[in-house]
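The values are calculated or read from the model by the stated rules, or taken from the named source; none is laboratory data. Values in this document were obtained by computation on a predicted structure and should not be read as measured data. Heads up, the Cβs are rebuilt from the backbone with ideal geometry, glycines too, and the neighbour counts pull from every protein chain shown. In case anyone asks, the SASA skips ligands and DNA or RNA and just uses the protein heavy atoms, side chains included. Shrake-Rupley method; radii C 1.70, N 1.55, O 1.52, S 1.80 Å.
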Amino acid sequence: MKYHTLIRQALIIDGSNTPGYVADVAVHEGRIEKIGDLSRDSAEHEIDATGRVLAPGFIDVHTHDDTVVIRHPQMLPKLSQGVTTVIVGNCGISASPVSLRADPPDPMNLLGKREAFAYPRFADYRAAVESAHPAVNVAALIGHTALRSNHMDDLHRTATPGEIAAMRVQLQESLAHGALGLSTGLAYASAFNAETDEVLQLSEELTAYGAVYTTHLRSEFEPVLEAMDEAFMIGRHAKAPVIISHLKCAGAGNWGRSPQLLASLEHAAKTHPVGCDCYPYAASSSTLDLKQVTDAFRITITWSTPHPEMGGRDLQDIAAEWAVPLMDAARRLQPAGAVYYGMDETDVQRILAHPLSMIGSDGLPEDPFPHPRLWGAFPRVLGHFSRDLGLFPLHTAVHKMTGLSAARFGLAERGEIREGHWADLVLFDPLRVRDVADFKEPQRAAEGIDGVWVNGVLSYSDGQANGQRSGRFLARSGDLRKGFAAV
């Protein structure tokens, strides 16, 4: 048979957390048609992949690409590092269903300005993604803060029974149209005063769909274990799987506590489907939050509405230049974004290596001076952590970005190289692959990514996107509780 694409003699690391094997892979009509010795077969496009790894396309489980996939559908920061699917709507903030009456509240402003929020129903957002034809696949969560902004005149209180009922209707409609589940960002001021009962009631809509609950915990600082307990309680109440977003020990006073956090995660996992995602850096990035302003570690300003000229500078230097205390400088810069160097590398590695953790970039594409994770998270895991530090074998690194992620989020026929699966693939050089983006020059494409196929279409090769945009909207597929049982 003549195939569309034949990738010959690649070391196939198939996403299942097992060591690789050398074989040929044939792609036809968007799917993996055959795997094995195909030396007698031919194809329209043939690639000699000797010495390189062929893996499933990476799944970025934690993104804020909600509006960028529509406005800048080429998605170069993700495509260039081998990402073929992004999950949007994290941390309680989503582009839909949203009907803004004013400028987007913090942290919804991370997704863009008011005009970016043009999707009052989830079905509108799904249709917009499909019309945009992004270069990567898109699957979506519904943000709790987004729902609150639709129905509440004051986000600094808990919702009334009537407001909760209205939010439930929108969440149910979104789940019916293929949303993956509900996300919360309870640490942010716009949701912090939501009582646990508000989230418990909303989460009940997840039960019938087998949908997932993901959460940016109410605190990642000293009360982090209590915040994890709250998340697990919500998941048990809803009979919904729980994914803790970017699990970390934030703040210098919290360093060294990762064994406690992971013990809590393991204990919960004995009786309920739970997991976490994390990014491979010891610095976080978000809006400039006065609760996180400290002189205990470095803080870099990424953007500022009143003082855009301060983007890329350290808060301490700005305060010194203005001859004001740190907190006064922070107030003067708001609204603003920041990188917080508030984690310990040992904690990061311990969480990264844990079997219950997946990889998510948490990149902020709207930042004019973004955290380097936007461009470098996945190659950093492959190169720095797996190859250079030996934190885990390469097949485990790949599993954390592919098979595990697809199973957890119910992305059917993706995440593993198997006959019949969709041909989301990345070809990379295991000796050269590395992240190049850093905190001084954060917008740089990774090295060693030789080819990226999305739904069977070559979209990135030789360090360049070729203009092909073959991504699709991925609706939730079945009961996500089964995906946790599978892994």
Kindly provide the set of residues from the stretch 256-291 that are open to solvent by 40 Å² or more (accessible area, probe 1.4 Å) and in contact with a Ser or Thr (Cβ under 8 Å, 6 or more places away or on another chain), ordered by number.
-> G256
Sort out which residues of the stretch 433-487 are open to solvent by 40 Å² or more (accessible area, probe 1.4 Å), of a type outside the set (S, T, N, Q) and not in a loop (DSSP other than H, G, I, E, B), and write them in order of number.
-> R434, E447, V457, L458, A465, R481, K482, A485, A486
Only one of R71, R40, R52 is touching a Pro at 6+ places or on another chain (Cβ under 8 Å) and open to solvent by 10 Å² or more (accessible area, probe 1.4 Å); which?
-> R52
When the stretch 415-432 is examined, which residues are found to be surrounded by fewer than 20 Cβ atoms within 10 Å (Cβ to Cβ) and of a type in the set (A, V, I, L, M)?
-> L431
Could you list, in sequence order, the residues of the stretch 370-428 that are within 18 Å of the chain's Cα centre (by Cα) and aromatic (F, W, Y)?
-> W375, F378, F409
So which residues in the stretch 254-272 are over 13 Å from L225 (Cβ atoms) and free of Cβ contacts under 8 Å to residues at least 40 places away in the same chain?
-> K270, T271
Single residue of L76, L110 found to be crowded, with 18+ Cβ neighbours inside 10 Å and touching a residue at least 40 places away in the same chain (Cβ under 8 Å) = L110
Is there a residue in the stretch 50-58 that is within 19 Å of Y188 (Cβ to Cβ) and within 20 Å of the chain's Cα centre (by Cα)?
-> no
By residue number, the members of the stretch 228-248 that are in a helix (DSSP H, G or I), crowded, with 22+ Cβ neighbours inside 10 Å and touching an Asp or Glu at 6+ places or on another chain (Cβ under 9 Å) are A238
Only one of R332, R350, R387 is of a type in the set (K, R), touching a Pro at 6+ places or on another chain (Cβ under 9 Å), closer than 26 Å to H216 by Cβ and touching a residue at least 24 places away in the same chain (Cβ under 8 Å), namely R350
V27: passes all of (1) closer than 26 Å to G456 by Cβ; (2) over 24 Å from the mean Cα position of the chain (by Cα); (3) open to solvent by 10 Å² or more (accessible area, probe 1.4 Å) but (3)
Please enumerate the residues belonging to the stretch 257-300 that are acidic (D, E) and more than 23 Å from P370 (Cα to Cα).
-> E266
Number of positions in the stretch 21-58 that are part of a strand (DSSP E or B), touching a residue at least 60 places away in the same chain (Cβ under 8 Å) and among the charged types (D, E, K, R) | 3
Do we have any residue at all in the stretch 249-265 that's modelled with pLDDT of 95 or more, under 20 Å from the mean Cα position of the chain (by Cα), closer than 26 Å to G363 by Cα and in a loop (DSSP other than H, G, I, E, B)?
-> yes
